[in-house]
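Here is the structure we will look at, set down as structure tokens.
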Amino acid sequence: MDSAAALSVVIPILQGDASWRDLLPDLSAFSESTEFLFVSNGPPPADWKTLLQASPLRKQCRWQQTAIGRAVQMNEGAVLAQQHFILFLHADSRLPAHSVSRLIESLQTDPAAVHYFNLRFEAQSFFLMHVNRWGVWFRSHLLGMPFGDQGLCLEKEAFHSLGGFDESAAYGEDHLLVWKARQAGLRLKCTGADIATSARKYRERGWLKVTLQHLWLTACQATPQFFLLMKARIRAWFHGKAQSPSL
């Protein structure tokens, strides 16, 4: 199967957020058969049709209006997706062409895995943001907890089998999906390439405040999920022992 010809890219957009406009040129690195689903809680902007007319992606893009909430929007995009794989991409992401190529290679190598990118913060000209980048690498590679801003990509069938994103979660719907994937036995695989995201909230709200808040919320959410993972693995181990032939 040609993975490059089997991608649906779901981009949740909060009404009034224009960051997706900067992402639009990056999407030209994808195959012509890739579909792009812009899912928002509001109608398309007034110049949506004008933008598409001037873009080579005009036949591949679709704007879908739904209820507010990123989990709701991404689930709606997944329902509409027509291709074999779904890439969930945040609107303020930037994805270089070589990262798209690495994603395709990663999908071809291990199609059953949950794929993600290494995270880089845009305009990270100061040391603290590099600390965050190292922290993200540690969290995703060693603790097995990549987040949604790292561009999660998996088979559509696998996504639906996991129940999609938890629309009742107050935060961290992407984090919870990764835990459900691990509990179901799906592998996590990094593409080895970068995806960039904005460091704006760190500048506006303060690096220490935002970082400590993220650490606390992640720990609160991850702790019960870790025990569920251990329970699933123990159950699988006992099931395997029960199925093994007696000597």
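The values are calculated or read from the model by the stated rules, or taken from the named source; none is laboratory data. Note that the structure is a prediction, hence the values are computed from the model and not measured. Heads up, the Cβs are rebuilt from the backbone with ideal geometry, glycines too, and the neighbour counts pull from every protein chain shown. Ligands, DNA and RNA are excluded from the accessible area calculation, which covers all protein heavy atoms including side chains. Shrake-Rupley method; radii C 1.70, N 1.55, O 1.52, S 1.80 Å.
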Rolling a 1.4 angstrom probe over the protein heavy atoms, how many square angstrom per residue are accessible across segment 121-247? 59
So how much slack lies between residue 133 and residue 213, counting 0.36 nm per residue of separation and subtracting their Cα-Cα distance, in nm? 27.2 nm
Which residue fluctuates the most in the chain, going by a Gaussian network model with Cα springs under 10 Å, if the choices are 179, 137, 48? 48
GNM on the chain, Cα springs under 10 Å; top mean-square fluctuation among 96, 43, 224 goes to 224
Top positive-direction residue, dipole computed over segment 92-247 with Cβ charges, set 108, 207, 148: 207
Ellipticity estimate at 222 nm from DSSP helix runs (n ≥ 4, -39,500 (n - 2.57)) divided over the chain, nearest 500: -13000 deg cm²/dmol
Nearest 5 percent is fine: what portion of the DSSP beta bridges confined to the chain is antiparallel? 20
Carbon and sulfur %, accessible surface of segment 160-247 computed with the full protein complex present, 1.4 Å: 60
The chain: Kirkwood hydrodynamic radius (Cα pairs, Å) comes out at 19.0
Give me the lysines in straight-line cross-link reach of residue 209: C-alpha distance below 28 Å, same-chain residues under 8 apart excluded. 201
